[in-house]
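The values are calculated or read from the model by the stated rules, or taken from the named source; none is laboratory data. Remember, it's a predicted structure, so these values are computed and weren't measured experimentally. Quick note on the areas: whole protein, heavy atoms, side chains included, nothing else; ligands and nucleic acids left out. Shrake-Rupley method; radii C 1.70, N 1.55, O 1.52, S 1.80 Å.
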Amino acid sequence: MSDTFDPPSFARDIEDAARAGGWTIRHLSPTTTSVRPWLLRSASAGPGAPRLYLSSGIHGDEISGPLALLEMLRQPDFFAAFDATIFPMLNPDGLAKNVRENADGIDLNRDYRNSKSAEILGHIEALQTLDRFDASMMLHEDFEGIGAYLFELNDELSPTLGKEIIAAMGRHVPIDTRPEIDTFPAHDGVLSRKDIVALRGPIEERPDWPEAIYLSLRHTKVAYTTETPKPFPLAQRVAAQIAAVRTLMGALQIKVRRS
Ligand SMILES: [Zn+2]
């Protein structure tokens, strides 16, 4: 698996996969580097399916998420039981240059409140046309990570789901078991809402909302942010992201069967 990432070829590849799978392909506002695909598909089983939101590529130096989504889209049945909405490449300019921020140096994942960047203004415009989701997952990487970890905003699904997702990722990359990660208290790789709020105060009062906070305030009770450790081989990080998404999807299907 190649570590180089070309946004226009990625857009072509994922749109080809989406077209073959019968997805509706829309676009967010483009950037100078590339179009920004927005992929939607209803469950083949019809109404009542769980509604899932996935996104990646908001930090341009984190490529395991976009590549994982491409692999998932290439498996025709991966999302068959779900109403899925996917934004696989929110920051093509950053990805083209292998930098975290966009071309203006803005960290797009801190721009969901009083947004300044065209990328996030365009994303929010699209989100405002969308309804609620049963769960969401944002796929990230940590450039100095020593293992997988995740941020968990989960007020609805199983309280052990974060641990289950980490365990699934841990079959492909190590788990970050440090008691503090990125300044947050952590429990075997899970950084939970309770600890985040204790440290930083109510999430809605933060001046610099990331995508997960915006989603959790407007669109869903379940927002996970995965982090794969960039020093490990790309194929393993991609597999860890896929395992994380699959575990979340499994929990959603259990919830639907019970209701
Ligand atoms: Zn990131």
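Quick notes on this structure:
- For segment 127-248, the direction-averaged projected area of the alpha-carbon convex hull comes to 7.4 nm².
- Set of lysines near residue 221 by C-alpha distance (under 16 Å), chain-local residues within fewer than 8 positions excluded: 194, 255
- DSSP-defined beta bridges in the chain - what % are antiparallel, rounded to 5: 45
- Taken over the chain, the ratio of Cα radius of gyration to 2.2 N^0.38 Å equals 0.92.
- Sequentially through segment 192-203, phi angles give Karplus couplings (6.51, -1.76, 1.60; θ = phi - 60°) of 9, 3, 3, 6, 5, 5, 4, 7, 10, x, x, 4 Hz, Gly and Pro residues having no value and appearing as x.
- Helices in the chain, meaning DSSP H runs of at least 4 residues, each add -39500 (n - 2.57). Divided by all residues, the mean residue ellipticity at 222 nm is -10500 deg cm²/dmol.
- Rounded to the nearest Hz, the phi-derived 3J(HN,Hα) couplings of segment 168-184 under the Karplus curve 6.51 cos²θ - 1.76 cosθ + 1.60 (θ = phi - 60°) are 5, 5, x, 7, 10, 9, x, 9, 7, 9, 5, x, 9, 10, 6, 6, 9, where x marks glycine and proline.
- For segment 159-164, putting each phi into the Karplus relation 6.51 cos²θ - 1.76 cosθ + 1.60 with θ = phi - 60° gives couplings of x, 9, 4, x, 4, 5 Hz, in residue order, rounded to whole numbers and with x for Gly and Pro.
- Solvent-accessible surface of segment 83-157, averaged per residue with a 1.4 angstrom probe and all protein chains in place: 39 square angstrom.
- Computed on protein heavy atoms with a 1.4 Å probe, the accessible areas place 100, 206, 257 in the order 257, 100, 206, largest first.
- At 1.306 mPa s and 10 °C, Stokes diffusion of segment 1-111 via Kirkwood alpha-carbon radius, µm² per second: 112
- Amide H within-cut-off set for residue 28, under 5 Å, with H built and near neighbours excluded: 36, 38
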